[in-house]
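K.L.:
Following this message is one structure expressed as structure tokens.
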Amino acid sequence: MEALRNAFDFSDFPRLDLTIAAVVALFLLTFPAFPHSAFAMATMIQFLMFSLYGMGWNTIGGYGGQVDLGKAQYVGIGAYTTAVMLIRWDIPFWVSMPIGMCFAVIWSFIIGYPLFRLKGHYFAIATIATSLVLKDLFEVWGFVGAAMGLEISPIKYSPPDFLRLIFKEDIYYYYVILGFFFLGILYVNWFRRSRLGFQLRAIKNNEEVARSLGINVHWAKIKTYAIATAFVSLVGSFHACYIKNIEPEDTMSLDISILIALMAMLGGAGSLWGPIIGASVLIPLKSYLKEWLGAQAGLIGIDLIIYGGIIMLVSAVEPRGIWGIVEKVRRRKRR
Amino acid sequence: MALLEVHSLHKDFGGLKANDDISFNMEEGELMGLIGPNGAGKTTLFNCIAGLHPVTSGQIIFGGHDITKFTAHEVARLGLARTFQVYVASGDLTVVENVMVGCFMRTRASSQAKARAEQILKDFKLLDLSDYLLIELPVAAQKRVTMATAVGTAPKMLLLDEVAAGLNPSEIEEIMATIRHIHNDLEITVMLIEHVMELVMKISDRLIVLDSGRKIAEGTPNNVAKDTNVIKAYLGERYVQEHAAELA
């Protein structure tokens with residue numbers, strides 16, 4: 001009961017934040033009513049998906065300070081579970097999604113247990129490695145379509161199919177992911193003030209001190225990693241139904257892992273709004289850059305250069321990202 | 001029965017004997033000082049007791065439990081808390097949030113942890129500083145916040161590592177009042193490492209003196225101050241020889 005109350009309790013934010021959040025929420029709810037291009041709609045859906053990825057990453061990477069660069073493997077597990085189950089056994093999204101989450105969480109325990117013996121950069125590199133290995137395995141695994149991947153053909157179903165999440169119009173997908181987006185915010189809002197949330201922040205501050213305050217550091221990290229994983233896997237399942245065409249190279253690539261971490265870091269790791277702010281900057285940037293510059297020969301890698309620039313800028317100016325700057329200014333004003 | 005028993009504790013770092021055959025007992029309600037020159041092995045002893053270092057040999061018993069092989073968080077959960085000499089905080093947590101982390105050891109509910117943290121801060125006269133970040137505070141206040149955080153875990157016994165180092169006389173008074181509050185009002189058994197003699201001599205019931213990893217003296221502050229071995233450890237062999245007449 002208290003947990004539910006805490007999830008809806010935003011009272012520790014200044015009124016300005018809440019007003020902005022309310023306006024943004026209203027805009028998101030009414031966005032499809034405004035005239036928009038199909039491209040804008042697709043970008044909005046991407047924005048919501050990546051916000052959720054970022055929120056998940058933020059629990060372990062932001063609040064816990066454990067930089068994880070292997071989130072794509074869980075996108076893959078979620079997406080493949082849903083796609084395989086739908087194609088082979090006609091199991092609807094609402095059943096396959098939690099099953100995918102379970103698979104992802106089990107996998108996260110298996111790799112999290114040894115990986116959290118590592119610290120800092122070593123941990124980050126190890127997460128990249130596991131993610132790449134899993135991707136390579138999926139590329140040769142015939143049961144899931146190997147390198148060709150899987151395709152959900154919508155003709156077999158009669159959209160709108162709310163059970164299987166097969167729609168013709170993007171507006172349905174938009175509202176489904178928007179629902180998850182709001183749930184995600186409520187969850188993270190609860191998490192940040194929960195016991196586990198505090199323990200993670202203490203671990204980020206100083207592991208020895210955290211241990212001497214009775215925190216089982218290793219286990220707290222593994223638990224939070226599982227939470228982050230569940231978020232990512234859920235969106236992965238959605239991704240399968242939305243994109244309908246999944247292959248290892250797209251869904252499990254290193255690019256996705258890095259983009260997830262980068263968004264949260266740019267927006268502000270370890271804050272509630274950070275990943276959303278990060279996604280709202282990077283996702284439109286990414287889509288529109290691809291659209292405008294990708295078509296011209298020779299400019300195809302330019303988005304990667306821009307990401308690199310952003311990483312350097314964030315780490316040099318304010319490691320806590322855009323939200324870190326906002327908080328710094330506020331603290332200075334209060335004095 | 002003693003609250004804490006340490007039986008011939010050894011801790012080697014490679015060839016270095018950081019703790020060499022240390023034994024002592026502590027009764028419930030005692031306030032004991034642990035002194036000795038730099039490098040005597042005081043902090044190592046704390047780390048061994050608190051489960052941060054695995055011990056080489058020996059036995060540690062706390063409240064009837066053999067905690068020799070316990071990890072740090074298990075020791076803390078049994079009610080043996082500690083503070084750190086050098087506290088590096090990245091500055092993410094405010095004062096009240098720091099104390100809440102301690103309180104969360106005994107409760108799952110955020111509201112309870114918060115209420116308890118605020119009560120502790122009030123008792124420690126730190127409530128005005130609740131919303132500051134730890135790094136924004138002067139060192140004396142930081143040290144008191146770390147003590148409040150440790151108290152948040154509701155310990156039976158508290159190990160304080162150099163809480164008065166580098167403070168001015170009025171700040172030392174504050175720290176002393178805080179230690180007395182912890183010991184007298186909260187009835188927590190306290191063991192403290194301290195170089196500030198006016199504090200440790202005034203406040204301790206009993207002292208243990210370490211030098212080069214070995215226990216060289218144990219007793220009341222007055223007796224320890226007259227102990228030839230202790231004077232030798234602090235002032236050197238020659239001083240003792242030259243002043244033999246006065247010391248006798």
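Nothing in this text is a laboratory measurement; each read-out follows from the coordinates by a stated rule. All of these numbers come straight from a predicted model, not from anything done at the bench. Because the Cβ atoms are built from the backbone with ideal geometry, glycine has one as well, and the counts that use them run over all protein chains shown.
K.L.:
Restricting to Cα pairs below 8 Å that are 6+ residues apart, what does the relative contact order work out to for the stretch B:150-233? Please round to a whole percent.
P.N.:
Values: 84 pairs, mean separation 20.1, N = 84.
RCO, the stretch B:150-233: 24 percent.
K.L.:
Another question, then. How large is the Kirkwood hydrodynamic radius of the stretch B:117-225, in angstrom, based on all distinct alpha carbon pairs?
P.N.:
Values: mean 1/r = 0.0674 Å⁻¹.
It works out to 14.8 Å.
K.L.:
For n ≥ 4 DSSP H runs only, could you compute -39500 (n - 2.57) per run for the protein assembly as shown, divide by its residues and tell me the 222 nm figure to the nearest 500?
P.N.:
Numbers: 26 runs with 334 residues, N = 583.
Rounded to the nearest 500, the figure is -18000 deg cm²/dmol.
K.L.:
Sort the following peptides by mean Cβ neighbour count (other Cβ atoms within 10 Å, averaged over residues), highest first: A:155-166, A:77-88, B:43-54. The partial results should precede the final answer.
P.N.:
Working: A:155-166: 15.5, A:77-88: 24.2, B:43-54: 21.7.
The peptides rank, most packed first, as A:77-88, B:43-54, A:155-166.
K.L.:
Once the Cβ-Cβ distance between A:V23 and A:M1 is put in as r, and R0 is 30 Å, what FRET efficiency do you end up with, to the nearest 0.05? Walk me through the numbers on the way to the answer.
P.N.:
Working: r = 30 Å, r/R0 = 1.01.
E between A:V23 and A:M1, to the nearest 0.05, is 0.50.
K.L.:
Under 18 Å Cα to Cα from A:K204, which lysines show up? Leave out anything in the same chain fewer than 8 places away.
P.N.:
Output for A:K204: A:K119, A:K221, A:K223.
K.L.:
In nm, to one decimal, how far is the modelled label at A:D90 from the one at B:Q59, with both set 7 Å along Cα→Cβ?
P.N.:
7.0
K.L.:
How would you classify the stretch A:1-84 from its alpha-carbon gyration tensor, with a ≥ b ≥ c the square roots of the eigenvalues: rounded for a/c under 1.5, else prolate if a/b is greater than b/c, otherwise oblate? List each step's numbers first, then the result.
P.N.:
Working: a/c = 1.99, a/b = 1.07, b/c = 1.86.
The shape class here is oblate.
K.L.:
For the protein assembly as shown, what size does the Cα cloud have along each of its three principal axes, sorted from largest down, in whole Å?
P.N.:
104, 51, 50
K.L.:
Continuing with this model, one more query. Highest mean first, how do A:60-72, A:109-121 rank when packing is the count of other Cβ atoms within 10 Å averaged over residues? Before the final figure, lay out each step's value.
P.N.:
Values: A:60-72: 26.0, A:109-121: 14.7.
Descending mean neighbour count gives A:60-72, A:109-121.
K.L.:
Residue by residue, what Karplus-based ³J(HN,Hα) values in Hz, rounded to whole numbers, does the stretch A:272-287 have, using 6.51, -1.76 and 1.60 with θ = phi - 60° and x for Gly and Pro?
P.N.:
5, 7, x, x, 5, 4, x, 5, 5, 8, 6, 5, x, 4, 5, 5
K.L.:
Shielding of B:109-115 by partners, i.e. mean partner chain Cβ atoms within 10 Å per residue? Mind showing how you got there, number by number?
P.N.:
On the way: counts 5, 12, 4, 1, 3, 1, 0.
That average works out to 4.
K.L.:
Could you give the Stokes-Einstein D for the stretch A:1-141 in µm² per second, using the C-alpha Kirkwood radius, 10 °C, 1.306 mPa s?
P.N.:
Working: Rh = 18.2 Å.
Translational D for this selection: 87 µm²/s.
K.L.:
What nm value, rounded to one decimal, do you get for the distance between B:D12 and B:E28 when each label is placed 7 Å out toward the C-beta?
P.N.:
Modelled inter-label distance: 3.8 nm.
K.L.:
Ordered by packing density, taken as the mean number of other Cβ atoms within 10 Å over each peptide's residues, highest first, how do B:34-42, B:231-239 rank? Write down the numbers at each step before the final one.
P.N.:
Details: B:34-42: 20.6, B:231-239: 14.0.
Top to bottom by mean Cβ count within 10 Å: B:34-42, B:231-239.
K.L.:
With the contact rule set at Cα under 8 Å and sequence spacing of 6 or more, what percent relative contact order holds for chain B? List each step's numbers first, then the result.
P.N.:
Numbers: 452 pairs, mean separation 60.7, N = 248.
Relative contact order here is 24 percent.
K.L.:
Could I ask something else about it? Karplus couplings for the stretch B:20-31 from phi (6.51 cos²θ - 1.76 cosθ + 1.60, θ = phi - 60°), rounded to Hz, Gly and Pro as x?
P.N.:
Working through the residues one at a time gives 10, 6, 9, 9, 6, 10, 10, 7, 5, x, 7, 10 Hz.
K.L.:
Kirkwood Rh, Cα Rg: Rg to Rh for chain A? Let's see the in-between values first.
P.N.:
Working: Rg = 19.7 Å, Rh = 20.6 Å.
On the Cα set of chain A, Rg over Rh gives 0.96.
K.L.:
Whole-Hz ³J(HN,Hα) for each residue in the stretch B:198-209, computed from phi via Karplus 6.51 cos²θ - 1.76 cosθ + 1.60 with θ = phi - 60°, x for glycine and proline: what do you get?
P.N.:
For the stretch B:198-209, the Karplus-derived couplings read 4, 7, 5, 5, 6, 9, 7, 6, 8, 10, 10, 10 Hz, x marking Gly and Pro.
K.L.:
Need the C-alpha centroid separation for the stretch B:203-248 versus the stretch B:65-81, integer Å.
P.N.:
Each part's Cα centre sits 32 Å from the other's.
K.L.:
To the nearest Å, what is the center-to-center distance of the stretch B:142-197 and the stretch A:50-108, using C-alpha atoms only?
P.N.:
47
K.L.:
Here is a further query. Taking a quarter of the surface of the convex hull around the Cα atoms of the stretch B:131-188, what do you get in nm²? Intermediate values should be presented prior to the final figure.
P.N.:
Numbers: hull surface 16.8 nm².
Mean orientational projected area (the stretch B:131-188, Cα hull): 4.2 nm².
K.L.:
Residues of B:95-102, mean number of Cβ from any other protein chain within 10 Å of their own Cβ, rounded to a whole number? Don't skip to the answer; put the middle values down first.
P.N.:
Details: counts 0, 0, 5, 6, 0, 5, 12, 7.
The shielding value for this peptide is 4.
K.L.:
A further question follows. What is chain A's relative contact order, in percent, from Cα pairs under 8 angstrom and six or more apart in sequence? Working shown, then result.
P.N.:
On the way: 487 pairs, mean separation 103.7, N = 335.
Value for chain A: 31 percent.
K.L.:
List residues of the stretch A:179-200, by number, whose backbone nitrogen lies under 20 Å from a label position 7 Å along Cα→C-beta of B:T107.
P.N.:
Output list for this probe position: A:190-200.
K.L.:
Turning to a different aspect of this structure: How many partner chain Cβ atoms sit within 10 Å of a residue's Cβ in peptide A:26-37, on average, as a whole number? Walk me through the numbers before you get to the answer.
P.N.:
Numbers: counts 0, 0, 0, 0, 0, 0, 0, 0, 0, 0, 0, 0.
Mean partner shielding for this stretch: 0.
K.L.:
In whole Å, what is the distance between the alpha-carbon centres of the stretch A:161-218 and the stretch A:239-268?
P.N.:
17
K.L.:
So how many Lys-Lys pairs in the stretch B:1-152 land under 17 Å Cα to Cα, not counting same-chain pairs under 8 apart?
P.N.:
Numbers: B:K11/B:K42; B:K11/B:K69; B:K17/B:K42; B:K114/B:K122; B:K114/B:K125; B:K122/B:K143; B:K125/B:K143.
Close lysine pairs found across the stretch B:1-152: 7.
K.L.:
Here's another thing I want to ask about it. What are the residues whose amide H is under 5 Å from the amide H of B:G33, where those residues sit 5 or more places off or on another chain and H is modelled from the backbone?
P.N.:
For B:G33, whose amide H was placed from the backbone, the distant partners under 5 Å are B:L192, B:D205, B:R206, B:L207, B:I208.
K.L.:
Taking 0.36 nm per intervening residue step and subtracting the Cα-Cα distance, what contour gain separates A:I306 from A:R15 on full extension?
P.N.:
On the way: separation 291, 0.36 × 291 = 104.76 nm, distance 3.39 nm.
Taking A:I306 through A:R15 to full extension adds about 101.4 nm, to one decimal.
K.L.:
Can you compute the modelled spin-label distance between A:Y113 and B:M1, with each label point 7 Å from Cα toward Cβ, in nm?
P.N.:
Taking the simple label geometry, A:Y113 and B:M1 are separated by 3.5 nm.
K.L.:
Now, a different point. Sequence-distant or interchain residues sharing an amide H contact under 5 Å with A:Q66, placed H: which?
P.N.:
A:G61
K.L.:
Straight-line reach from A:K286: which lysines fall under 24 Å, measuring Cα to Cα and dropping same-chain residues less than 8 apart?
P.N.:
In chain and number order, the partners are A:K71, A:K135, A:K244.
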